[in-house]
Each structure stands twice: as C-alpha cells, then as structure tokens.
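S.K.: Please see the structure below; I have some questions.
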C-alpha cells in the first residue's frame, strides 16, 4: 500500500524512491558529497594555537546522524566511525557554541528556497494544545532559582511517627 499525501498523490512512486535512495553510502545516515558541500562551510575551524584537529569532521557528523537516525545508544556506535566520546563531545560543543542552530537555520532556508518558497515563513499554525502549553508555561519557563524546593513533612521535623501518650 502506498503512502498518501495531503494533496491526494502517492508519495512512494518510483521517481520519489530514486530521490530518497542513498546508494554507495556505508550507512543510510551518512552525508553524501553534495550534503557535505552544503554543511562543511558552516562547521567552525579548529581553534588556533592548540593541537591540530586530527579527527575527520565529516565522520563526526556521520556519527551524530547515525545515532539520531537509528536511535542507538552511544556505546553502540559502529567502530568505523570516530569514538563515541569524540562524537558526543562535538555534539555538545556544537550545541553550546550555536553551530547546530546555524546549521539548522541554513538548511531550513535552503530547503524553503529550493521548493520555491520565501526563506522566512509568512504564516504559522497554532493549535489549541500549543496555546494551552504556552499559557501554563513549559518546564523551562520558570527559573530554577526562583522555584522554592518542596520539603517532605517527614524530613521537616514537624511530623512524627511516634505517638505521644
């Protein structure tokens, strides 16, 4: 049974399957040469003054994508990719320094322009669940410093399990 799209056409036609096939790659999550050409300029260079970078950044990205695509545990990262600690450290560094956000934004703009749309969306759809969540405030909306910790009665000393006679 073919997957149907919103516009009524079948999504998995022979033409679409060819577009989404990734032949010649070690893993389906690996970057193609064209994808790497888009992403490579957005990766920050190694810091000056320190040791030279010895890891292949493309392989690091392939490792990140492998974990994201397969949902595997870090320790299950295949041995032909960089060590799990290296891949994980780069993921953390790129999240911290904004590289992941820049990558996401650049690719988002590229995809919109390739599909003939303006780079920035001109409309948004908000459902009632999103509005309810925003009204209440998500888990990150209350700063931890202003939230008073709850203490159990058992530890507070105001309650006792010994009855007085």
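The values are calculated or read from the model by the stated rules, or taken from the named source; none is laboratory data. Owing to the predicted nature of the structure, the values given are computational and were not obtained by experimental measurement. Note that each Cβ is placed from the backbone with ideal geometry, even for glycine, and that neighbours are counted across all protein chains shown.
S.K.: May I ask you to verify whether residue 55 is surrounded by fewer than 10 Cβ atoms within 10 Å (Cβ to Cβ) and either outside any helix (DSSP H, G or I) or at pLDDT below 90 (or both)?
M.R.: Values: surrounded by fewer than 10 Cβ atoms within 10 Å (Cβ to Cβ): no; either outside any helix (DSSP H, G or I) or at pLDDT below 90 (or both): yes.
Against the criterion (surrounded by fewer than 10 Cβ atoms within 10 Å (Cβ to Cβ) and either outside any helix (DSSP H, G or I) or at pLDDT below 90 (or both)), residue 55 does not qualify.
S.K.: If we keep just the residues of region 1-25 that are surrounded by 12 or more Cβ atoms within 10 Å (Cβ to Cβ) and under 20 Å from residue 63 (Cα atoms), which is modelled with the highest pLDDT?
M.R.: Restricting to residues being surrounded by 12 or more Cβ atoms within 10 Å (Cβ to Cβ) and under 20 Å from residue 63 (Cα atoms), the top hit is 25.
S.K.: Got at least one residue in region 70-85 being closer than 21 Å to residue 26 by Cα, within 14 Å of the chain's Cα centre (by Cα) and in contact (Cβ under 8 Å) with a residue 12 or more places away in the chain?
M.R.: Yes, there is a match, as at least one residue in region 70-85 is closer than 21 Å to residue 26 by Cα, within 14 Å of the chain's Cα centre (by Cα) and in contact (Cβ under 8 Å) with a residue 12 or more places away in the chain.
S.K.: Quickly run through region 75-87 and pick out the residues that are part of a helix (DSSP H, G or I) and farther than 21 Å from residue 40 by Cβ.
M.R.: Passing the criteria: 75, 76, 84, 85.
S.K.: Among the residues that make up region 139-160, is at least one of them under 30 Å from residue 25 (Cβ atoms) and modelled with pLDDT under 80?
M.R.: So in region 139-160, the residues under 30 Å from residue 25 (Cβ atoms) come out as none.
Looking through region 139-160, none of the residues is under 30 Å from residue 25 (Cβ atoms) and modelled with pLDDT under 80.
S.K.: Still on this structure, I have one more. So, of the residues in region 26-52 that are exposed (fewer than 10 other Cβ atoms within 10 Å of the Cβ) and assigned to a loop (DSSP other than H, G, I, E, B), which turns out to be modelled with the highest pLDDT?
M.R.: My answer is 45.
S.K.: Let me ask another. Could we say that residue 100 is in contact (Cβ under 8 Å) with a residue 40 or more places away in the chain, within 17 Å of residue 38 (Cβ to Cβ), under 14 Å from the mean Cα position of the chain (by Cα) and surrounded by 14 or more Cβ atoms within 10 Å (Cβ to Cβ) here?
M.R.: no
S.K.: Of all residues in region 62-74, count the ones that are closer than 24 Å to residue 41 by Cα and in contact with a helix residue (DSSP H, G or I) (Cβ under 7 Å, 6 or more places away or on another chain). Give the derivation first.
M.R.: Applying the first criterion (closer than 24 Å to residue 41 by Cα) to region 62-74 yields 62-69.
Checking which are in contact with a helix residue (DSSP H, G or I) (Cβ under 7 Å, 6 or more places away or on another chain) leaves us with 63-64, 67.
Counting residues in region 62-74 that are closer than 24 Å to residue 41 by Cα and in contact with a helix residue (DSSP H, G or I) (Cβ under 7 Å, 6 or more places away or on another chain) gives 3.
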